[in-house]
Amino acid sequence: MLLTVLPVLNAIAAAVSTASSLLVVFRPHMMSKSREVSAGERFFAQMYAARAVPLGVITAVAPFTVISDISTVKLILVAAMTVQIIDVGIGIRRRETAMIIGPSIAAVIHGATAWFT
């Protein structure tokens, strides 16, 4: 049962991460906490999403589609886990609970999916 649930949880975690990166493109102040959003903040939100969206999509679908090459799936999942761990570090530095809890859960899910795939 765990082997069938983990890819679904992984897809959900990746979708949430992808959606949040897209949300920040349209509402950069949510991440920066700025009252007035600068052009630089908009630029960095767009750059963040340009990387996060493709990684999120491939992280969500790889366990379902790349059956023949398990090492590729594991590599993608470990990369996604690493990104989430770095996000946790940023959340700790900023003292933002949501930026600690969400990425921590996603990192565990991506890591477990990689381990058990």
Note on the stretch 41-83: residues modelled with pLDDT of 90 or more, out of contact with any Leu (no Cβ under 7 Å at 6 or more places or on another chain) and of a type in the set (S, T, Y) are Y48, S71, T72, T82
For the stretch 34-56, which positions are over 11 Å from the mean Cα position of the chain (by Cα) and among the β-branched types (V, I, T)? V37
Positions within the stretch 1-40 being at pLDDT below 90, within 22 Å of I100 (Cβ to Cβ) and charged (D, E, K, R), in sequence order: K33
Residues located in the stretch 82-105, provided they are touching an Asp or Glu at 6+ places or on another chain (Cβ under 8 Å) and aliphatic (A, V, I, L, M): M99
Determine, yes or no, whether R95 is at positive phi and among the charged types (D, E, K, R). yes
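The values are calculated or read from the model by the stated rules, or taken from the named source; none is laboratory data. Since the structure is predicted, the reported quantities are computational estimates derived from the model, not experimental observations. Because the Cβ atoms are built from the backbone with ideal geometry, glycine has one as well, and the counts that use them run over all protein chains shown.
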